[in-house]
Amino acid sequence: MRIGIDVGGTHTDAVLLSGSEVIASTKALTSADVLTGITNALDTILSEDGVSQSDIEAVMIGTTQFTNAVVERRELSPVAAVRIGLPSGNGLPPMVDWPDDIADALGRHTYMLKGGTLYDGWPLAPLDGDEIDAAVADIKAKGIKNIAVSSVFSPMNAAPERDVAAKIQAAIPDARITLSFSMGRLGLMERENAALLNTSLLAFADRVVDAFTAALKARGLTCPMYVSQNDGTLMNADFVRQFPALTFASGPTNSLRGACKLTGLMDAIVVDIGGTTSDIGVLESGFPRESNVVISVGGVRTNFRMPDIMAVGLGGGSLVSDDGASIGPRSVGHRLVTEGLVFGGDTLTTTDLIVAAGHADIGDRSRLSGLSPDTVTAGNQTIHRMLDDAIDMMKPNADPVPVILVGGGAVLVTGGLKAASTLHRPVNAGVANAIGAAIAQIGGECERLVSYSELPRDEAIAKVKDEAISRAINAGADASTIRVADIEETAIPYMDEGNTRVRVKVIGDIAALAKKETE
Amino acid sequence: MQVRAEDIADLSLGAVFLATGGGGDPHVPELICIEALKTHGAVELLAPDDLPNDAHVVSIGGVGAPTVSLEMLPSVDDAARTLEAYEQHVGRKVDAVVSFEIGGANSLIPITAAAGRGLPVVDGDGMGRALPEAQMMTYAIAGVCPSPAVAYDYAGNITTFTTPDTSTYERHIRSLAMASGGMITTAEHPMTGAELKPAIIPGTVGFSVMLGRTLRENRGRADQMLPVLQDVFAGSVYGECRLLYCGKVSDKATRIIGGYDIGEATLTPFGDEGGQFTINIKNEYLVARLDGKVVATVPDLIVIVDYETGMPINAERLRYGQRVAVFAVGCPEFFRTKRALDAVAPRAFGFDIDFVPLEKIAI
């Protein structure tokens, strides 16, 4: 059996899964120290009849703590940003386009060194030993222990980053260093930003992982623990201590993955209706469709892949016009319980509409006597039209698709949706995130710019694949179960033929669990 | 009129719209341009007619693979240094600089250079949009010699060209760009004021700022933005503006042939009704068809925007599943002559169709 835990800003959810079956679930408030919320959730789960600590094979945790730390500028350590790339990029130092408050939080300790390579491996400039020594001495004098090192075209040649990191480590033995190439993808500033955010979170990651470990230990759980990443896969505790930034956006991913598990649908639209918005995502072969735009985290451009989510201003607290023809995007949000008509307030909301139509029994129905039946009918039509339009835009083609409804506002959908071939309302939809965390596997990803004219396509792809596989194994995957999830090839315009960006993603079972099954 | 640091975001957004899918990501050039204007102050924008006939003007911009500069960043003073190198090469001072391509990042490089050197920028450019090759520029079409020209690379390496025709120059400069890490800055196609006036698409820099501001202030569903855009284009060198289609990208297949991103995108309607829409891509969006019937072609502008926000989408970033709208905008008068059409009509890109001006195509 596995336990999945989702630590959100408001709620800490947990589920106990046996195979595909949800044995127990709980929703508790997130505590200020996070730890108490988790132990409370574990207490509820473990109090289930016939479940003992020794039955639990693994605990998977999804957490928004690292994203929130960046967004709220909390828990961020000072970081030295070392970029190897001169003479290119002169005058554009690291963090040049960051919001002031977060650049200040990291401390604006930037160093620009000569080195790096062109796209074809030709050196931009040789590394300059004296220049490196001066930078390292300055970092040491400032007492900075967290260092991010980036280098031009490091996804193709990481040697400059490694060489400089070795010098830093030798001078500052307890330095913690993130090399930008290990954060993937081409695009120097975005990759460097990801490495900087990651580095600034390393100390916090230690505290978070320690807290998770302590919570499990306090409840007598000795099984391995994993944390969700943004692509719907897991990393082990050691990996989280090195790469906390990879947890960004794991929440929506887990929600979509959980909806997949709950319904068994691999290709579907998932509509998560909350108080203010409906968030619409797409499942493709059981994984979220990824957004292709540059993702900003707390105002910082990064190269992380995030699920493609469309937010529509329609939720349980959305304001309804007097004729019912227009709804949202304004919402009373969490004040629904005081401002909605059925709760004695004087604001007409979508929740009032469905109560008036007799589709739900919430609050005091008698307060709706003054509401015209025409408004109720028109309002309900508007709700369905808005969702139909939005789903229609997200689905891959004109054919109707299965639609999975989750979230507290799912009660708003009372009729059929034209865009939906079938409509699913899974039980346990409220803890879809925790389920998504519990079912995740371990992944590895690698992206390189390769030249098919120098290295034949098959060999080039195999090389990128090998690197992705070794990353998955480092993250805790069982080598014998690893399979390729995705290969993406993008040719580069205005370059010689054959210059291609290759990205390979692999997924495998958790090594610790696979071992247990064979024993 | 002046271009100030606070105009750059709008100028850049307008320029991406006019880039018709090409032109690269303007984020870094934008940062650099803003930096230059903050350091050196605003740049004077000079109407072509206000330029003395004997003025010495040079066009300046980036040549190569914009994707590369996402990894190997340009330096803040590349543009000014290119200009310096040009002045040294020809042995005289330049009176003003001008853009060769308003579409995309190349709208910003002349402003960056001018700020660093305290020179004015001529309000106008050599394309009125983005186009993939130098011989498609109005300056080249009007018979301006590409050289003396100077190229400047990431390490400050300087290469000079003495090449009589633009097609040969284009071939040489591409090879140099590859050897120089994929991207170079060039000062080329020098002109006197008298030569420039009939060769330029006038007013496009100031227009880009206005277009960008309009897009930003009216950000929202593309179909609802149409009347506002029609107003803006009606008062410009472009004229006609149409909304051709709204739908989803149901297929996009491109591959690199000879350095160009060549292929086709297919769009299908949001609902059950409406035909199928296809767009041919060669770095830029070149030919648009509805159920096989041509509804717009190069040199008229075909622009794909995000349906929800009206923000233009680069061809490299266009992908399956995106919800988009397609606008078409009439090209400037300059491209309507036979000589110009020989260089920029669909046949110049290998399509076996004639150019029919947008306003003559019945919808």
Restricting attention to the stretch A:182-199, the residues that are surrounded by fewer than 23 Cβ atoms within 10 Å (Cβ to Cβ) and under 24 Å from A:A134 (Cβ atoms) number exactly 0
Matching entry among B:E87, B:E71, B:E35, B:E30 (being within 21 Å of the chain's Cα centre (by Cα) and of a type outside the set (A, V, I, L, M)): B:E30
Unique match (being away from chain B (no Cβ under 14 Å) and out of contact with any helix residue (DSSP H, G or I) (no Cβ under 6 Å at 6 or more places or on another chain)) among A:G333, A:G315, A:G324, A:G340: A:G333
B:S208 fails exactly one of (1) in contact with a Gly (Cβ under 6 Å, 6 or more places away or on another chain); (2) small (G, A, S); (3) within 13 Å of chain A (Cβ to nearest Cβ); (4) open to solvent by less than 50 Å² (accessible area, probe 1.4 Å), namely (3)
Subset of the stretch B:21-59, residues of a type outside the set (S, T, Y) and over 23 Å from B:M210 (Cβ atoms), comes to B:V28, B:E35, B:H40, B:P52, B:N53, B:D54, B:A55, B:H56, B:V57, B:V58
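Could you list, in sequence order, all residues of the stretch A:292-329 that are part of a loop (DSSP other than H, G, I, E, B), within 30 Å of A:P94 (Cα to Cα) and among the hydrophobic types (A, V, I, L, M, F, W, C)? It would help to see each step written out before you state the result.
The initial filter retains those residues of the stretch A:292-329 that are part of a loop (DSSP other than H, G, I, E, B), namely A:292-294, A:298-299, A:303-306, A:308-309, A:313-317, A:321-326.
Then drop every residue that is not within 30 Å of A:P94 (Cα to Cα), which leaves A:292-294, A:298-299, A:303-306, A:308-309.
Scanning the stretch A:292-329 gives A:V293, A:V294, A:F304, A:M306, A:I309.
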If you go through the stretch A:447-468 one residue at a time, do you hit one that is within 30 Å of A:I3 (Cβ to Cβ) and either within 14 Å of chain B (Cβ to nearest Cβ) or surrounded by fewer than 17 Cβ atoms within 10 Å (Cβ to Cβ) (or both)? no
Of all residues in the stretch B:217-236, count the ones that are out of contact with any strand residue (DSSP E or B) (no Cβ under 6 Å at 6 or more places or on another chain), in contact (Cβ under 8 Å) with a residue 12 or more places away in the chain and under 21 Å from B:M1 (Cα atoms). 2
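Only one of A:I139, A:I147, A:I132 is of a type outside the set (S, T, Y), modelled with pLDDT of 95 or more, more than 23 Å from B:P74 (Cβ to Cβ) and part of a strand (DSSP E or B); which? Show your work before the answer.
Values: A:I139 fails: part of a strand (DSSP E or B); A:I132 fails: part of a strand (DSSP E or B).
The match here is A:I147.
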Run A:H334 past the list (1) crowded, with 18+ Cβ neighbours inside 10 Å; (2) part of a helix (DSSP H, G or I) and report the number of the one that doesn't hold. (1)
For the stretch B:144-164, give me the residue count where each residue is away from chain A (no Cβ under 14 Å), under 21 Å from the mean Cα position of the chain (by Cα) and not small (G, A, S). 4
Within the stretch A:257-301, of all residues that are among the charged types (D, E, K, R) and more than 14 Å from chain B (Cβ to nearest Cβ), the one farthest from the chain's Cα centre (by Cα) is A:K261
Mind checking which strands (runs of 3 or more DSSP E) fall wholly inside the stretch B:251-362 and carry at least 2 residues that are within 14 Å of chain A (Cβ to nearest Cβ) and either touching a residue at least 12 places away in the same chain (Cβ under 8 Å) or open to solvent by 10 Å² or more (accessible area, probe 1.4 Å) (or both)? B:260-268, B:277-282, B:284-290, B:301-306, B:323-329
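Among the listed residues A:D352, A:D392, which satisfies the condition of being closer than 29 Å to B:P269 by Cβ and either open to solvent by less than 10 Å² (accessible area, probe 1.4 Å) or within 14 Å of another protein chain (Cβ to nearest Cβ) (or both)? Full working, then the answer.
Numbers: A:D352 fails: closer than 29 Å to B:P269 by Cβ.
Among A:D352, A:D392, only A:D392 is closer than 29 Å to B:P269 by Cβ and either open to solvent by less than 10 Å² (accessible area, probe 1.4 Å) or within 14 Å of another protein chain (Cβ to nearest Cβ) (or both).
Given A:R207, A:R191, A:R185, which one is within 14 Å of chain B (Cβ to nearest Cβ) and either assigned to a loop (DSSP other than H, G, I, E, B) or out of contact with any strand residue (DSSP E or B) (no Cβ under 8 Å at 6 or more places or on another chain) (or both)? Let's see the steps before the verdict.
Numbers: A:R207 fails: within 14 Å of chain B (Cβ to nearest Cβ); A:R191 fails: either assigned to a loop (DSSP other than H, G, I, E, B) or out of contact with any strand residue (DSSP E or B) (no Cβ under 8 Å at 6 or more places or on another chain) (or both).
A:R185 is the lone residue from the list that is within 14 Å of chain B (Cβ to nearest Cβ) and either assigned to a loop (DSSP other than H, G, I, E, B) or out of contact with any strand residue (DSSP E or B) (no Cβ under 8 Å at 6 or more places or on another chain) (or both).
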Spot the failing condition for B:G124; the list is (1) of a type outside the set (A, V, I, L, M, F, W, C); (2) more than 30 Å from A:T500 (Cβ to Cβ); (3) within 14 Å of chain A (Cβ to nearest Cβ), and only one is missed. (3)
I'm trying to understand the selection: among the residues of the stretch B:174-196, which are at pLDDT 95 or above and under 19 Å from the mean Cα position of the chain (by Cα)? B:I184, B:T185, B:T186, B:A187, B:E188, B:H189, B:P190, B:L196
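Can you name every residue in the stretch A:9-23 that is closer than 15 Å to A:D55 by Cα and open to solvent by 10 Å² or more (accessible area, probe 1.4 Å)?
So the first thing to find is which residues in the stretch A:9-23 are closer than 15 Å to A:D55 by Cα, and the list is A:15-19, A:21-23.
Correct list: A:S18, A:G19, A:E21, A:V22, A:I23.
A quick yes/no check of all residues on (1) more than 14 Å from chain B (Cβ to nearest Cβ); (2) of a type in the set (A, V, I, L, M); (3) surrounded by fewer than 22 Cβ atoms within 10 Å (Cβ to Cβ):
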| residue | (1), (2), (3) |
| --- | --- |
| A:V7 | yes, yes, no |
| A:S25 | yes, no, yes |
| A:D33 | yes, no, yes |
| A:V70 | yes, yes, no |
| A:D101 | yes, no, yes |
| A:D104 | yes, no, yes |
| A:T110 | no, no, yes |
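Among A:T375, A:T414, which is open to solvent by less than 30 Å² (accessible area, probe 1.4 Å) and either under 15 Å from A:T351 (Cα atoms) or touching a helix residue (DSSP H, G or I) at 6+ places or on another chain (Cβ under 8 Å) (or both)? Steps first, answer last, please.
Details: A:T414 fails: open to solvent by less than 30 Å² (accessible area, probe 1.4 Å).
Among A:T375, A:T414, only A:T375 is open to solvent by less than 30 Å² (accessible area, probe 1.4 Å) and either under 15 Å from A:T351 (Cα atoms) or touching a helix residue (DSSP H, G or I) at 6+ places or on another chain (Cβ under 8 Å) (or both).
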If you take the residues in the stretch B:165-194 that are away from chain A (no Cβ under 14 Å) and hydrophobic (A, V, I, L, M, F, W, C), which one is surrounded by the fewest Cβ atoms within 10 Å (Cβ to Cβ)? B:A194
When (1) within 12 Å of chain A (Cβ to nearest Cβ); (2) more than 29 Å from B:R317 (Cβ to Cβ); (3) among the basic types (K, R) are applied to B:K93, the one that fails is (1)
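Among the candidates A:D163, A:D174, single out the residue that is open to solvent by 50 Å² or more (accessible area, probe 1.4 Å), in contact (Cβ under 8 Å) with a residue 12 or more places away in the chain, more than 30 Å from A:S453 (Cβ to Cβ) and away from chain B (no Cβ under 14 Å). First the steps, then the outcome.
Values: A:D163 fails: more than 30 Å from A:S453 (Cβ to Cβ).
Just a single option satisfies the conditions, and that option is A:D174.
Restricting attention to strands (runs of 3 or more DSSP E) lying wholly within the stretch A:403-495, give those where 2 or more residues are of a type in the set (S, T, Y). Quick ask: steps written out before the conclusion?
Values: elements: A:420-424, A:441-451, A:483-491.
Counting at least 2 such residues, we get A:420-424.
State yes or no: is B:T39 of a type in the set (S, T, Y) and buried (at least 24 other Cβ atoms within 10 Å of the Cβ)? Please lay out each step first, then the result.
Values: of a type in the set (S, T, Y): yes; buried (at least 24 other Cβ atoms within 10 Å of the Cβ): no.
No: the conditions fail for B:T39.
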Which members of the stretch A:160-187 meet the condition of being at pLDDT 95 or above and among the aliphatic types (A, V, I, L, M)? A:V164, A:A165, A:A166, A:I168, A:A170, A:A171, A:I172, A:A175, A:I177, A:L179
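The values are calculated or read from the model by the stated rules, or taken from the named source; none is laboratory data. A quick note: this is a predicted structure, and the numbers were derived from the prediction, not measured. Ideal geometry is used to build each Cβ from the backbone, glycine not excepted, and the neighbour counts take in all protein chains shown. To get the accessible areas, we keep the full protein, side chains included, count just its heavy atoms, and leave off ligands, DNA and RNA. Shrake-Rupley method; radii C 1.70, N 1.55, O 1.52, S 1.80 Å.
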